[in-house]
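The values are calculated or read from the model by the stated rules, or taken from the named source; none is laboratory data. Here the structure is a predicted model, which is why all the values come from computation and not from measurement. Reconstructed Cβ throughout: ideal geometry from the backbone, glycine too, with neighbour counts over all protein chains shown. When the accessible area is computed, the model is the full protein with side chains, heavy atoms only, and any ligands, DNA or RNA have been set aside. Shrake-Rupley method; radii C 1.70, N 1.55, O 1.52, S 1.80 Å.
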Amino acid sequence: MKPTTRRTLAAVVTGVAAAVGVAATPAAAARAVPVPVPLGGAETALGMELPEVAGELPVPTAGAPEGPRYVEGRLLPERTLPQLPVRAGLPGVDVRQPLPHVLGDDFDHAGVDAPAAGLRTLAPGLSLDAPLTAPNPEALGLPSPKLPEVGVLAPVVQTVPVADLGVGPGL
């Protein structure tokens, strides 16, 4: 292939990749998808006030794993199977429930608002080393045997969920 053909092909592939990246950005920007629960028809059919319910479903996004770390004296990198980070959220809910004046005339509705909370996770990983040492110059460049090393990198889950409970007139 001629160098000009290679450059042209590289420019076309770069342009297509940029266009796909721009087109995918709005969908990836949404952290949670709202999910309304329509109960208006049931209110009309039953002739009573029903709770208002809405929810949010998080959109998980995978991150880039940390690359392997090479350590002096080991044949394999420190993280043979790296941990994959995934960001998402816990589902959110917003509920407004009518009360039959249990707490008095000023308190006829109760509401619970639990927004989608951020969730950060790391998948389990694996770190292992071969049963040989690095080449030893004193042994004519041959590696020496040693015990193999295996380590499991524990998974990580981090989140801070919140919820608000309110009681009042006509929430």
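Please work out if Ala110 is in contact (Cβ under 8 Å) with a residue 60 or more places away in the chain, surrounded by 15 or more Cβ atoms within 10 Å (Cβ to Cβ), closer than 30 Å to Pro51 by Cβ and not charged (D, E, K, R). So Ala110 fits the description; yes. Can you pull out the residues in segment 113-153 that are without any contact (Cβ under 8 Å) to a residue 24 or more places away in the chain and either in contact with an Asp or Glu (Cβ under 7 Å, 6 or more places away or on another chain) or small (Gly, Ala, Ser) (or both)? Those that are without any contact (Cβ under 8 Å) to a residue 24 or more places away in the chain and either in contact with an Asp or Glu (Cβ under 7 Å, 6 or more places away or on another chain) or small (Gly, Ala, Ser) (or both): Ala139, Gly141, Ser144, Pro148, Glu149.
For the structure I just gave you, tell me whether Ala110 is assigned to a loop (DSSP other than H, G, I, E, B) and either on the phi > 0 side of the Ramachandran plot or more than 20 Å from the chain's Cα centre (by Cα) (or both). Walk me through how you get there before you give the answer.
Values: assigned to a loop (DSSP other than H, G, I, E, B): no; either on the phi > 0 side of the Ramachandran plot or more than 20 Å from the chain's Cα centre (by Cα) (or both): yes.
Spelling it out, it is not the case that Ala110 is assigned to a loop (DSSP other than H, G, I, E, B) and either on the phi > 0 side of the Ramachandran plot or more than 20 Å from the chain's Cα centre (by Cα) (or both).
Gly166 meets each of the listed conditions (1) without any contact (Cβ under 8 Å) to a residue 60 or more places away in the chain; (2) open to solvent by 50 Å² or more (accessible area, probe 1.4 Å); (3) within 30 Å of Glu49 (Cα to Cα) apart from (2). Just wondering, is there one or more residues in segment 131-152 that are within 30 Å of Pro38 (Cα to Cα), in contact with a strand residue (DSSP E or B) (Cβ under 6 Å, 6 or more places away or on another chain), open to solvent by less than 60 Å² (accessible area, probe 1.4 Å) and part of a loop (DSSP other than H, G, I, E, B)? So far as segment 131-152 goes, no, none of its residues is within 30 Å of Pro38 (Cα to Cα), in contact with a strand residue (DSSP E or B) (Cβ under 6 Å, 6 or more places away or on another chain), open to solvent by less than 60 Å² (accessible area, probe 1.4 Å) and part of a loop (DSSP other than H, G, I, E, B).
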